[in-house]
Amino acid sequence: MSSLYRRAAREIAYIILAALLLLVIVDFGLSMVFGVKYPLAVVMSGSMEPTLEPGDLILVQKVDPASLKVGDIIVFEVPWSNTPIVHRVIAIDNGKIFTKGDNNLYPDPSYRTSGDVYGKVIEISGHPFRIPIVGYILAFTQTIYGKAILIVLLAIMVIRDIYEKE
């Protein structure tokens, strides 16, 4: 029974690592295809509900800020946050891009410039493409705890392989 348990644990660890490796490869490939540094983004708050939910994984494509229009959902950086913001364009005036979360009462403070914009959320049939909940997993792997767990899993696999060969 112990051998079966070890084999199952090893298989699960291999699947997790293979999935993460695939995600890295997909992320790199998507960055080439969509022309943005970060083609995958995670919705971290409820500010865009019900359109986008916390934990949604979204795809981001490069966009010429001059082509943006009211109603587009964009991903941008702001000085007060370490994570990219995902909000809707509500107005554009002389290159100044004003945004607001769908679920927020008020527009975002200040405006965005073309240099702040990472890209535009990809839409399919007029709806943003999103994969629910997967973003939480991706976001967790970016934390110190997530990285530690991945390192431990990798170490366990390597140690077990060495131990079984002896």
Do you know which of the residues in the stretch 114-131 that are in a strand (DSSP E or B) and among the β-branched types (V, I, T) is surrounded by the most Cβ atoms within 10 Å (Cβ to Cβ)? V121
Number of the condition not met by E53 [criteria: (1) within 28 Å of D108 (Cα to Cα); (2) surrounded by fewer than 19 Cβ atoms within 10 Å (Cβ to Cβ); (3) touching a strand residue (DSSP E or B) at 6+ places or on another chain (Cβ under 6 Å)]: (3)
Testing F129 on (1) farther than 30 Å from I16 by Cα; (2) in contact (Cβ under 8 Å) with a residue 40 or more places away in the chain, one condition comes back false. Which one is that? (1)
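Would you please name the residue that is modelled with the lowest pLDDT, looking only at residues in the stretch 25-51 that are of a type in the set (S, T, N, Q) and under 14 Å from I122 (Cβ atoms)? Give the derivation first.
Residues of the stretch 25-51 that are of a type in the set (S, T, N, Q), as a first pass: 31, 45, 47, 51.
Still in the list and also under 14 Å from I122 (Cβ atoms): 31, 51.
Details: S31: 79, T51: 96.
Looking at residues that are of a type in the set (S, T, N, Q) and under 14 Å from I122 (Cβ atoms), I get S31.
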Out of all the residues in the stretch 34-47, is one or more surrounded by 15 or more Cβ atoms within 10 Å (Cβ to Cβ) and assigned to a helix (DSSP H, G or I)? yes
In the set L21, L59, the lone residue that is in contact with a Leu (Cβ under 7 Å, 6 or more places away or on another chain) and on the phi < 0 side of the Ramachandran plot is L59
Pick out, from the stretch 61-103, the strands (runs of 3 or more DSSP E) lying fully within it that include 1 or more residues that are surrounded by fewer than 15 Cβ atoms within 10 Å (Cβ to Cβ) and touching a strand residue (DSSP E or B) at 6+ places or on another chain (Cβ under 8 Å). 85-93, 96-100
Of all residues in the stretch 132-144, how many are surrounded by 10 or more Cβ atoms within 10 Å (Cβ to Cβ) and more than 22 Å from S31 (Cβ to Cβ)? 2
Is it the case, given these coordinates, that F34 is hydrophobic (A, V, I, L, M, F, W, C) and closer than 25 Å to N104 by Cα? no
Taking the options P84, P65, name whichever one is touching a helix residue (DSSP H, G or I) at 6+ places or on another chain (Cβ under 9 Å) and without any contact (Cβ under 8 Å) to a residue 60 or more places away in the chain. P65
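The values are calculated or read from the model by the stated rules, or taken from the named source; none is laboratory data. These figures come from a predicted structure and were not determined experimentally. Note that we place each Cβ from the backbone using ideal geometry, even for glycine, and neighbour counts take in every protein chain shown.
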